[in-house]
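Every number in this text was worked out from the coordinates using simple rules, so none of it is lab data. Since we're looking at a predicted model, the values are computed, not measured. Here the Cβ positions follow ideal geometry from the backbone for every residue, glycine too, while neighbour counts run over all protein chains shown.
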Amino acid sequence: MTGIKENLTEIQKTIPKNVTLVAVSKTKPIADIQEAYNAGQRIFGENKIQEMVTKFDALPKDIEWHMIGHLQSNKVKYMAHFVNLIHGVDSFKTLKEINKQAKKHNRVINCLLQARIAKEETKFGLSFDKINTIISAEETLALQNIKIVGLMGMATFTGNQKQLQEEFLSLANFFNQSKKQHADLKILSMGMSGDYQLAIKNGSNMVRIGSAIFGVRNYIV
Ligand SMILES: *Cc1c(COP(=O)(O)O)cnc(C)c1O
């Protein structure tokens with residue numbers, strides 16, 4: 001008795017209609033994803049390309065796969081034929097590689113630029129200045145097989161609600177400013193199991209929830 005269906009139902013009740021739920025299935029077996037799928041969930045997030053490819057091959061093809069982890073450029077080619085959204089893009093070099101691989105499949109791959117909002121040093125991401133530079137650059141506009149459709153952020157791993165709120169708000173404010181110049185920006189991906197309610201209150205429209213659906217993971221990733 002895993003309770004995946006019940007967890008999903010409970011979480012769906014607390015999420016407004018305009019907020020997209022990405023079920024983060026990293027490290028979890030295919031049977032767990034199938035159970036969530038049977039309960040109606042269609043969007044899943046993984047943080048390792050190889051693991052996502054294995055799951056893509058084994059599971060129904062109407063699943064939308066989101067890559068939420070830090071990207072290694074040399075592995076982008078393995079997911080270019082099916083990935084729906086890449087959340088963690090944090091360099092122009094990676095964008096260029098995604099564009100190159102997407103082109104081989106005649107696809108346009110949607111990407112989010114990852115902003116650094118956490119105070120921790122361990123979190124990846126770009127400064128707001130750097131995001132501005134990348135979004136507006138001629139070199140980026142020339143990439144016809146990627147589309148930057150929003151921003152992603154991970155808050156500090158802390159229970160301090162005030163700090164979390166500040167971090168979410170800073171990204172939401174930046175996102176709202178950027179949207180005025182860049183109409184393609186539609187998605188603001190922030191919020192995980194422990195902080196998604198606060199993230200939604202502060203402007204998130206896409207949450208990435210793992211352990212609250214599938215239970216705690218056995219190992220740290
Ligand atoms: C693992 C992970 C999540 C989900 O974390 P939970 O706390 O289990 O909900 C969300 N976003 C990213 C980028 C992750 O790596």
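Computed with the Debye formula from one identical point scatterer per Cα of the range 44-166, without solvent, the log10 of I(q)/I(0) at q = 0.13, 0.16, 0.18 Å⁻¹ comes to -0.54, -0.78, -0.95.
What shape does the range 140-221 take by its C-alpha gyration tensor, where a ≥ b ≥ c are the square roots of the eigenvalues and a/c under 1.5 counts as rounded, a/b above b/c as prolate, and the rest as oblate? Oblate, since a/c reaches 1.5 and b/c is not below a/b.
Pairs spanning more than 18 Å between alpha-carbon atoms, out of Lys48/Lys77; Lys77/Lys104; Lys13/Lys55; Lys28/Lys48: Lys13/Lys55. Scalar couplings 3J(HN,Hα) for the range 38-47, obtained by applying the Karplus form with A = 6.51, B = -1.76, C = 1.60 to θ = phi - 60°, are 4, 7, x, 6, 10, 10, 10, x, 10, 10 Hz; x denotes Gly and Pro.
If you add up the charges near Leu113, with Lys and Arg at +1 and Asp and Glu at -1, over every other residue whose beta carbon is less than 11 angstrom from its beta carbon, what do you get? Could you put the intermediate results ahead of the total?
Working: positive: Arg116, Lys130; negative: Asp90.
Residues near Leu113 contribute +1 overall.
As an exercise, identify the GluC sites (Glu not before Pro) in the range 86-181 lying in DSSP coil whose Cβ has no more than 15 other Cβ atoms within 10 Å. Answer by residue number: Glu120, Glu121.
The chymotrypsin sites (Phe, Trp or Tyr not before Pro) of the range 130-190 that DSSP puts in a loop, and whose beta carbon has at most 16 other beta carbons within 10 Å, are Phe157. Rounded if a/c is under 1.5, else prolate if a/b beats b/c, else oblate: with a ≥ b ≥ c from the C-alpha gyration tensor eigenvalues square-rooted, which is the range 81-147? Note, shape of the range 81-147 comes out oblate.
Measuring max minus min along each principal axis, the C-alpha atoms of the chain give extents of 53, 44, 32 Å (largest first). Top mean-square fluctuation among Ala183, Ala172, Ala155, Gaussian network model of the chain, C-alpha springs under 10 Å? Comparing Ala183, Ala172, Ala155 in a Gaussian network model of the chain, the most mobile one is Ala183.
Calculate how many DSSP beta bridges within the chain are antiparallel, expressed in % of all such bridges and rounded to the nearest 5. Display every interim value, and only then the final one.
On the way: 0 of 27 bridges.
Taking every DSSP beta bridge with both residues in the chain, the antiparallel ones total about 0 percent.
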